[in-house]
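The values are calculated or read from the model by the stated rules, or taken from the named source; none is laboratory data. Since the model is a prediction, treat every value here as computed from it, not as a measurement. Note: areas computed on protein heavy atoms with side chains; ligands, DNA, RNA excluded. Shrake-Rupley method; radii C 1.70, N 1.55, O 1.52, S 1.80 Å.
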Amino acid sequence: MSRFISFGLIFTFFFSSHLMAKEFNVVTSVKPLQLIVQELTQGVTAPQVLLPAGASPHDYALKPSDVKKIHDADLVIWVGPELETFMARILTNDVTNIALTSQSSIDFLYYDHDEEGDHTGHDHSHEG
């Protein structure tokens with residue numbers, strides 16, 4: 001719950017610092033982030049999403065229209081370079097962005113893989 005509150009505070013900062021003469025343009029990388037941002041910004045803005053349904057963030061290639069969306073955005077929210085390598089080179093200093101993996105208030109679970117490809121820390125023996 002506190003993660004959503006701190007995420008909401010980030011939005012409040014950006015919205016209060018932006019001139020509301022035009023719509024605040026928010027772009028997210030993937031649909032789940034768009035849905036979260038949509039709830040947080042309800043009645044203020046309608047966030048856009050870059051990746052179409054069914055596209056994988058692991059190997060997506062930006063289209064020219066995607067690059068335009070990013071550069072026209074007031075704020076870009078993405079998971080981070082660990083998932084979306086295609087975003088790292090386009091998000092320059094002039095693009096205001098939030099990479100979730102760089103937020104100290106969010107705890108991520110990382111899974112290691114052993115040499116056989118099994119996930120360390122849990123057992124697959126019950127699977128048929």
### Filtered residue count, the range 24-62, keeping only those that are farther than 13 Å from VAL76 by Cα and of a type in the set (Phe, Trp, Tyr)
1
### Message
Looking at the range 23-61 only, could you name the residues that are open to solvent by 40 Å² or more (accessible area, probe 1.4 Å) and aliphatic (A, V, I, L, M)?
### Response
LEU35, ILE36, LEU40, VAL44, ALA46, ALA53, ALA61
